[in-house]
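One structure below.
The values are calculated or read from the model by the stated rules, or taken from the named source; none is laboratory data. On a predicted model such as this, the values are computed, not experimentally measured, just so you know. Cβ: placed from backbone, ideal geometry, glycine included. Neighbour counts: every protein chain shown. Heads up: the accessible areas ignore ligands, DNA and RNA and are worked out on the full protein's heavy atoms, side chains in. Shrake-Rupley method; radii C 1.70, N 1.55, O 1.52, S 1.80 Å.
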Amino acid sequence: MPRYIIERSVPALSREELDAAARRSIAVIEGMPGVRWIRSYISAAEGKIYCEYDAPDPEAILEHARRAGLPVDRISEVSLEISPAMFA
């Protein structure tokens, strides 16, 4: 299954808004087999969230975002994953 990094602009997102968005995302994913939210990274200084997902294609990511009411600025497919452990 392809892996994607999704960049979202979310300036001044409160903790309550973040919780609500996460719950909407989870609810939508329950009805979308093949789409899996792995984790997200938040940069309050940049007003961005970077989300890691598995999905069959970018269209599935966009459909998930549309259903959950989430912004999508950019979708990047991960072509290779590396970690320090691979080079030890």
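Testing Glu17 on (1) assigned to a helix (DSSP H, G or I); (2) open to solvent by 40 Å² or more (accessible area, probe 1.4 Å); (3) within 15 Å of Arg67 (Cα to Cα); (4) not hydrophobic (A, V, I, L, M, F, W, C), one condition comes back false. Which one is that? Here Glu17 meets the rest and fails (3). Once region 32-60 is narrowed to residues that are surrounded by 15 or more Cβ atoms within 10 Å (Cβ to Cβ) and either small (Gly, Ala, Ser) or touching a Gly at 6+ places or on another chain (Cβ under 7 Å) (or both), the residue that is farthest from Glu77 (Cα to Cα) is Ser40.
When you check Ser9 against the structure, is it open to solvent by 30 Å² or more (accessible area, probe 1.4 Å), in contact (Cβ under 8 Å) with a residue 40 or more places away in the chain and of a type in the set (Gly, Ala, Ser), yes or no? The answer is yes for Ser9. Scanning region 43-88 for residues that are of a type in the set (A, V, I, L, M), over 18 Å from Leu18 (Cα atoms) and assigned to a strand (DSSP E or B) gives Ile75, Val78.
Summed over region 63-82, the residues that are exposed (fewer than 15 other Cβ atoms within 10 Å of the Cβ), in contact (Cβ under 8 Å) with a residue 40 or more places away in the chain and over 13 Å from Ile49 (Cα atoms) give a count of 5. If you take the residues in region 20-31 that are without any contact (Cβ under 8 Å) to a residue 24 or more places away in the chain and open to solvent by 90 Å² or more (accessible area, probe 1.4 Å), which one is nearest to Gly69 (Cα to Cα)? Per the stated criteria, the residue is Arg23.
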